[in-house]
1. Scan B:TYR61, B:TYR91 and give me the residue that is away from chain A (no Cβ under 14 Å), hydroxyl-bearing (Ser, Thr, Tyr) and in contact (Cβ under 8 Å) with a residue 24 or more places away in the chain.
2. So the check is Cβ under 8 Å with 6+ separation or different chains; which pairs have a first residue in the stretch B:157-172 that's among the hydroxyl-bearing types (Ser, Thr, Tyr) and a second one that's outside any helix (DSSP H, G or I)?
3. Could you go through the stretch B:31-47 and let me know if any residue there is outside any helix (DSSP H, G or I), under 20 Å from A:GLY69 (Cβ atoms) and of a type outside the set (A, V, I, L, M, F, W, C).
4. With more than 30 Å from A:GLY115 (Cβ to Cβ), surrounded by 17 or more Cβ atoms within 10 Å (Cβ to Cβ), at pLDDT 95 or above and facing chain A (nearest Cβ under 7 Å) as the only criterion, which of B:LEU194, B:LEU223, B:LEU188 stands out?
5. Which of the residues belonging to the stretch B:41-56 are charged (D, E, K, R) and either in contact (Cβ under 8 Å) with a residue 40 or more places away in the chain or buried (at least 18 other Cβ atoms within 10 Å of the Cβ) (or both)?
6. Which condition does B:LYS174 not pass, out of (1) closer than 24 Å to B:ALA69 by Cβ; (2) facing chain A (nearest Cβ under 9 Å); (3) basic (Lys, Arg), if it passes all the others?
7. Which of (1) buried (at least 19 other Cβ atoms within 10 Å of the Cβ); (2) assigned to a helix (DSSP H, G or I) is the odd one out, the single condition A:GLN48 does not satisfy?
8. Please enumerate the residues belonging to the stretch A:194-218 that are in a helix (DSSP H, G or I) and more than 7 Å from every other protein chain (Cβ to nearest Cβ).
Amino acid sequence: MGIMIWKLIAVFLIGGIVGLDTTAAWQMLFSHPLISCPSVGWLFGDLQTGLFMGLILELLWLKDLPVGGARFPEGNIGSLVTTFLAITLKQNTTFPEGWIVLVVLIFGVMVAYGGSQSIALMRTNNIILIRKADRFADQGKSRKVACMHLLGVLHAFIHGALLTTMSVGVGLVLLPPLLNILPTNITIPLQNIKLSLLAVGFGVMAYFFLSRRNWIYLIFGIGIGGFLALTI
Amino acid sequence: MRRLSRVDLFKIFLRAYYIQGSWNYERMLNLGFCFCLIPVMKKLFSQPEERISFLKRHLQYFNSHPYFASFALGATAKLEEQALIEKWPDYRPVTVFKERLCGPLGAIGDRLFWGMLKPFVAMLGVIFTLQWGLVGPAIFFIIYNAPHIYLRYFGIMRGYELGFDIVRELSKRKYERYIHTISVLAILIFGVFLGWFTIDKLYPTVRLMLQFFLVALATFFMLKKELPMFLPIMFGLVLVLIFSMA
């Protein structure tokens, strides 16, 4: 399966930006699936798939908060890889779409959990920059202290970019042979996948918001929603 | 006597977007914090010894929520200026003040933004995307970033205005009000969506309704038991496979 070099460069750059926005810089949430996946879809000529992926993946990774030194799954990078692989496999192979989406979703989960290990490694490596910054501070070289910090930012960019590109590469090598041996004659409706993952997402939302104090608002809301659906 | 201007504070505001760039397990946000305050050093101190001392005291341990760190940045800038004008014998109060702020800034920020606002806005984004496609991501981006950017700017300005007194501004009770309001609003919208979605999309097919509620409930209980996130995802996908084969 051929893949154009510009696509790989684009994946590298987008992966780096997503890696930065996740924790190291900005944190304006354009690394989140709801924004990054449609953007990738638009860039690679399949906005519909991008939007679909963003929709079903957005709520899944919110439970693990990027708090303090916590190790959290790299859900944003996992989602990006999932979307890119889904689009590429759809455009370049004849496997049924439902199977492609199912397989890349499982692969994306694995990437997310693998990524959490590499974050820990990156944060440990940053200690080297701190030591160097200490030495520059002793000499009063503020510009070099700032450079050490910016090297940390660059480090986060490269981490995101490499993790994305390597995962995409592994996915492109492993997934087509895997799809070949799966019983792809059984139809998997996309609607089913969407429903299941939206349900997981709404389970996550219930985990965040539902408590003994406010369940009454949930019942009240369900009543209003049901009434609106029946009358409008 | 040199004083910080609004331009200097704006420089801190811009740099604060990168405060977590060199996050590390030893001193966490220390280098990021120092990086953000370098414009203050350049403005206030000209002697090499003063600059060395400034850099060393801001390379000490610091940790906070990245958005709420703005309050600490603004207040520390103020204290540095105050210490210079009032000729404090040493800068230890600045360091102690910074250390004391770490806890409240982290606790309030994590709960308000990561634990409440982000999931709430993400849920709104998903609901809007389900209904109106690309409007959803736009809504998600705007609703989240309006308070986010405002807080970063306000934090620096307010911190600079109040100095030590910023501690009063960061009362947990004040933010608990916002957190409670968002959680009630979120659960209400969640309920409205669930009611509407069940009647409009799921009710016609019992199997779909069963699949949806089975997965949602299983996710909720698995997360309550602190199980890792991949389990409900896999459970959902396995159900897809089973229902498709059936």
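The values are calculated or read from the model by the stated rules, or taken from the named source; none is laboratory data. What you see is a predicted model, and the numbers here were worked out from it, not measured in a lab. Every residue, glycine as well, gets a Cβ built from its backbone with ideal geometry; the counts of neighbours run over all protein chains shown.
1. On the way: B:TYR61 fails: away from chain A (no Cβ under 14 Å).
None of the other options fit; the residue is B:TYR91.
2. These pairs meet every condition: B:TYR160/B:LEU4.
3. Within the stretch B:31-47, the subset outside any helix (DSSP H, G or I) is B:45-47.
Now narrow it down to the ones that are under 20 Å from A:GLY69 (Cβ atoms): none.
Scanning the stretch B:31-47, I find no residue that is outside any helix (DSSP H, G or I), under 20 Å from A:GLY69 (Cβ atoms) and of a type outside the set (A, V, I, L, M, F, W, C), so the answer is no.
4. Details: B:LEU194 fails: at pLDDT 95 or above; B:LEU223 fails: more than 30 Å from A:GLY115 (Cβ to Cβ).
So the residue among B:LEU194, B:LEU223, B:LEU188 that is more than 30 Å from A:GLY115 (Cβ to Cβ), surrounded by 17 or more Cβ atoms within 10 Å (Cβ to Cβ), at pLDDT 95 or above and facing chain A (nearest Cβ under 7 Å) is B:LEU188.
5. Initially, the stretch B:41-56 is screened for residues charged (D, E, K, R), giving B:42-43, B:49-51, B:56.
Answer for the stretch B:41-56, where residues must be charged (D, E, K, R) and either in contact (Cβ under 8 Å) with a residue 40 or more places away in the chain or buried (at least 18 other Cβ atoms within 10 Å of the Cβ) (or both): B:LYS43, B:ARG51.
6. The one condition B:LYS174 does not meet is (2).
7. Here A:GLN48 clears every test but (1).
8. First, the residues of the stretch A:194-218 that are in a helix (DSSP H, G or I): A:194-209, A:215-218.
Selection gives A:LYS194, A:LEU198, A:TRP215, A:ILE216.
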